[in-house]
Amino acid sequence: RFYPDFFGYMLIKIEDEIAASGEGASGQTELARSTLTEKFLVSFPTSLDEQRRIVAILDEAFAGLAVMRQHAEANLKNARALFDSHLNAIFSERGEGWLERRFGEICENLDSRRVPITKRDRNEGSIPYYGASGIVDYVEEYIFDENILLVSEDGANLIARTYPIAFSVSGKCWVNNHAHVVRFDEIATQKFVELYLNSISLEPFVSGMAQPKLNQKALNSIPIPLPDLRTQEKLVAAAYELISGVERLESLYRQKLAAIDELKQSILHRAFSGQLTGEAIAA
């Protein structure tokens, strides 16, 4: 017999193994009853009172871990918010000599050189193949070999902003028709514009809700605040120094989250290997 909450924790303990043993398509896996009853061995106490005691221990431990996870996730979010706040301050508190130019006036559009390749027609290689939100594959040949800025042309990310809208690329690459390709005279200007585009909402320039799209005309119309080149270089250097610090913080908090998950599994292992009780049998 099982105390219900104890049985629930038992299932959590073996859920990864259960998922790995299922058959069928992703999201529609099935687990044979014989596999469930014969493959998975878990130690448990026969006494319901002992099961209740272990559940109380697990409840307390997991409540503490939940608080730790909540704090780590908040710190992870705050690290990115710190960077976003810094960028907003840069672009909102414009100094003397800043000019506003249209995107299309400060760069050269290279969209006509893009070539999409279907998955079946790609030859595997080491050259990055870029789409709207970054690298989607690696191919054998390239069509660009220079410093360029890629800007998402379509996709839900234009609204969701899960990934950067603009990203700089240097060296050999292939780009499909889901990302605009532009060239700047100065790398500092390219980096500055990349940071600016990733700091603002592009919704006023995006058409279509079901299939969001930032066409070339709309992209070229975006107003860009620009200081002189020397100021651009200083602001870009300061921003990337902050990015480095934020990335270190994010890495630290992700490690903490991974450690919390490992500790959770360690506690469950102890609970179902007889280490929290003196009376255990295999099931």
- In region 66-90, how many are free of Cβ contacts under 8 Å to residues at least 60 places away in the same chain and of a type in the set (A, V, I, L, M)? 5
- Message: Out of everything in region 207-231 that is among the hydrophobic types (A, V, I, L, M, F, W, C) and open to solvent by 30 Å² or more (accessible area, probe 1.4 Å), what residue ends up being farthest from N177 (Cα to Cα)?
- Response: L229
- Of the candidates I127, I135, I117, I57, the one satisfying the condition of being surrounded by 12 or more Cβ atoms within 10 Å (Cβ to Cβ), at pLDDT 85 or above and assigned to a loop (DSSP other than H, G, I, E, B) is I117
- Task: Consider A63 carefully, then state whether it is modelled with pLDDT of 80 or more, aliphatic (A, V, I, L, M), surrounded by fewer than 16 Cβ atoms within 10 Å (Cβ to Cβ) and within 31 Å of the chain's Cα centre (by Cα).
- Result: yes
- Output the residues belonging to region 142-166 that are open to solvent by 30 Å² or more (accessible area, probe 1.4 Å) and either in contact with a helix residue (DSSP H, G or I) (Cβ under 9 Å, 6 or more places away or on another chain) or assigned to a strand (DSSP E or B) (or both). I143, D145, N147, D154, I159, Y163, P164
- Query: Within region 76-101, can you find the residues that are open to solvent by less than 60 Å² (accessible area, probe 1.4 Å) and within 34 Å of the chain's Cα centre (by Cα)?
  - Reply: L76, A79, A81, F83, L87, A89, I90, F91, G95, W98
- Tally time: how many residues in region 243-266 are aliphatic (A, V, I, L, M) and farther than 19 Å from A74 by Cα? 1
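The values are calculated or read from the model by the stated rules, or taken from the named source; none is laboratory data. Predicted model, so just to flag it, every value in this text is computed and none were measured. Virtual Cβ from ideal backbone geometry, glycine too; neighbours counted across all protein chains shown. Please note that ligands, DNA and RNA were not included when accessible areas were found on the heavy atoms of the full protein model with its side chains. Shrake-Rupley method; radii C 1.70, N 1.55, O 1.52, S 1.80 Å.
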